[in-house]
Structure formats: structure tokens, C-alpha cells
């Protein structure tokens, strides 16, 4: 359980970090290290160098304004917990992040690390995709911003180039009266979910669903929005009948993996149950 | 690579390979073997230490990343002579048997109660959920931490 040898650098600026990555193709970035350290321990990766972002200023801020919520790449799970503004600025984010990992890991694990690692069952990538968030990267060729739906390309795979560093995640403005829920099922608290869903919609004055967003984690090879389910919800009156129909459609829309923990049929059933629970919870909250 | 940090209130400096995690640095280089290594990949919580006030898994942080930090291990919780109220509560409630997980339980509970001396049983269970114990069944551990809260509330007052 010892990593293979590597060089270590902790540059003081983002530009120096990018230069190191560009000059050293086998280098990897580390920040909190809560996903990377086990990967190194198992020697699933053997980088020639680790470039630590701990000294780079300006990556650890949470900014909230009229455009939404900006999370710096080095914001930790506990920073999201500790920021009371997010209760109203992004309640879905807070609820989802409450399910991430264990106490000690929450003290070091970061936004950028979770996005870059891209576990299909991870909560933050699921929130990013569901909310149509944007991910900004800085690299040798300059900065670029990608929609979360384009960023995640498969299990543990993203559109990030080796010399690029995730600098921030931008979640669009969250209206106050939005209906929302986050539901997941894991075998133990803090474990990766066998499946989960993040969903929200706005309700018009006639009680009809508008702007439905339904995302799933752990049930596809990457976090994914279920557009069929969203179409089914939009323009219809909220109620148990609609929720059941949506849950059934969600189960059909996912393509879950078989693994040691659950087979595909079980995960499909889980998605239906969690989407139904989420829609009910979002409907009754605050009424 | 030269690394220096505060360890249990004293400055230390070690010359290590970058790949060495903090737990190995504490145990092998600094000879503080109270920090136990169970899984070495962040699953068991036995190696929990406190870095800059926050409980972290010392197998999931490189020693070089602790540069300039303040690190507290189980050895730093008490003096040689007396148990802390938290340790005394562990003894009273039989919150350990083989003792392998105990350093991680103590450091985690200490960090939690220092920040949240009013943590309820649910919060304590949640914070300790990343620490595995194969002896006790956890109930005595939660009881011990609940009892120790009183001491942390007092120490908050000047």
C-alpha cells in the first residue's frame, strides 16, 4: 500500500502549476488527495510528479451573487457545510453534499478533486450535470469553460486535458420558490451511492411543472440528466399519478452497471423508488 | 525532501521521500506509534490525526503536504500522568477492547467535541461513521463521547 516514487512540487501560482503540468506529461495534480491517495496506494496510477495546489491562492472561495454560486476548485465539503448562505442560495447543493464521504474525508476532499475524479456515483458531478453548471479550466492554451454535461465523458473520465487545472464550478442562480430533492441509497452512511437522484422544477401559478431537471448518479456510466423524464413532467399537474409515471420512465431511461454491490435490475428499481420519493419530497416541502 | 511542522506543540523537521504519507512519517520517522494504520487507503479511520484543528486520515495526506501545519496525534491529547476526560470516559464505558481503532476514535471525537461540544448522539455517530471498530459494537464508544461532552463545554469558558 505504498505509492510508487514521484517528485513533488507545491507551486505558489496557478501559472507555475500549469507550466509544471505542461512540461511533465506524467505529472498529476493533487489538492485534498482524498480520491487520488488511494489510487496511488493501490498503484493504479504512478505519476512522475505530483503538483500540489495547496499554496495557490484564490481557489478556495465560495462566491454568491446574482449569477448564481461560484465554488473555487479547492473548496472543501466542510466549507460548503459551514457556509450558511448556501441554505437559500443553493439548498440542493447543500443537501447533496451532506451525503459525501465521512467526517475526516470531508475535512480535505475538494470540489475540483471530485469533478476531476468523475466517479459515476459521486454527488457533486451529479449536481453539476443536473443544474447545467459550468466548469472552468485553465491550461497552457488558456482558459475555457465547459458545460458539465460535456465535461463528464465516462467512468473516471472527463474532457480535462492533462495540462489543465479545474479552477471553478459555476452553478446557475437558484430561484427561491423552486421545488427540489436529493435522494440516494448507500449501504452505509458516507459510502458511494448504489444509485441516487437530484431533481428540481419550478411550478407555475396553475400548479403545472415547468423547467424540470432530473439527474441520476450511480445508475449510468456518468452522471446524467433524464430528458425523457423531464419532458414527461413539464406542463403537467403535480400529483401522485405523474410521480409514478415519471419514476417508471426514469427506470427505463437509465443503463445501470452490474457489479459486486448490486445488479442492473436492482439499480433500475432503486432509480424508480428514489425518483418517486424525490418528487414527493419536493412536492410537500414547505407546504 | 525536508519537511517541518508542529507535532503535538513541538517543532519537528524530517527528511523524507515525497511519497511517504503522514502516518508512516509519524510512525517510522518520528517514532510516534500511537497512530495506527489499518487499511492504508482511507477506509478504516484508525490513522486519524488532527491537522490544523481538523480530523484527517493520515494515510490520505502526504507528509510533505503537512509542511507548516500543526499536527496533533493521540500522544498529544494527554500528558503521561493522567487520562483526559475523553479517555477516562472510554475506560469507564468499556469503549475499547483490543484498542487498535482507539487512537482514531479518540482523535476524531476530540476534534469533533472541540468544535461541537453540544454534538448529539446522531452527530457523534455520523462523525464516527468513518472509523471501524470490530470489538465494541460502537454503542459504548458513542456513550463515552456523549459523557465527555461536559468537559469540552467547560474548557470553552475562559
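The values are calculated or read from the model by the stated rules, or taken from the named source; none is laboratory data. All of these numbers come straight from a predicted model, not from anything done at the bench. Cβ atoms come from the backbone with ideal geometry, glycine included; neighbour counts cover every protein chain shown.
Okay, here's what the table says:
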{"item": "Residue check for residue A:211: over 21 Å from the mean Cα position of the chain (by Cα) and modelled with pLDDT of 95 or more", "result": "no"}
{"item": "From the options A:11, A:25, A:47, A:38, residue that is closer than 27 Å to residue A:78 by Cα and out of contact with any helix residue (DSSP H, G or I) (no Cβ under 6 Å at 6 or more places or on another chain)", "result": "A:38"}
{"item": "Conditions (1) under 30 Å from residue A:109 (Cβ atoms); (2) within 21 Å of the chain's Cα centre (by Cα); number of the one not met by residue A:262", "result": "(2)"}
{"item": "Restricting segment B:60-81 to residues that are in a helix (DSSP H, G or I) and closer than 15 Å to residue B:6 by Cβ, the residue that is farthest from the chain's Cα centre (by Cα)", "result": "B:65"}
{"item": "1 or more residues under 24 Å from residue A:278 (Cβ atoms) and without any contact (Cβ under 8 Å) to a residue 12 or more places away in the chain: qualifying helices (runs of 4 or more DSSP H) within segment A:75-176", "result": "A:86-89"}
{"item": "Lone qualifier among A:14, A:20, A:71 - being closer than 28 Å to residue A:130 by Cα, more than 13 Å from chain B (Cβ to nearest Cβ) and crowded, with 17+ Cβ neighbours inside 10 Å", "result": "A:71"}
{"item": "Any hit, segment B:93-101, residues being part of a helix (DSSP H, G or I) and either buried (at least 21 other Cβ atoms within 10 Å of the Cβ) or touching a residue at least 40 places away in the same chain (Cβ under 8 Å) (or both)", "result": "no"}
{"item": "Members of segment A:22-48 found to be assigned to a helix (DSSP H, G or I) and under 19 Å from the mean Cα position of the chain (by Cα), listed by number", "result": "A:36"}
{"item": "Selection from segment B:14-44 of residues that are in a strand (DSSP E or B) and under 17 Å from residue B:73 (Cβ atoms)", "result": "B:14, B:21"}
{"item": "Test: residue B:56 is within 10 Å of another protein chain (Cβ to nearest Cβ), touching a strand residue (DSSP E or B) at 6+ places or on another chain (Cβ under 7 Å), assigned to a helix (DSSP H, G or I) and closer than 25 Å to residue A:11 by Cα", "result": "no"}
{"item": "Given (1) in contact with a helix residue (DSSP H, G or I) (Cβ under 9 Å, 6 or more places away or on another chain); (2) within 14 Å of chain A (Cβ to nearest Cβ), number of the condition residue B:85 does not satisfy", "result": "(2)"}
{"item": "Subset of segment B:119-158 that is in a loop (DSSP other than H, G, I, E, B) and more than 14 Å from every other protein chain (Cβ to nearest Cβ) - its residue that is nearest to residue B:93 (Cα to Cα)", "result": "B:136"}
{"item": "Segment A:221-237: number of residues that are closer than 27 Å to residue A:267 by Cβ and more than 14 Å from the chain's Cα centre (by Cα)", "result": "10"}
{"item": "Lone qualifier among A:207, A:190, A:196, A:149 - being at positive phi and surrounded by 15 or more Cβ atoms within 10 Å (Cβ to Cβ)", "result": "A:190"}
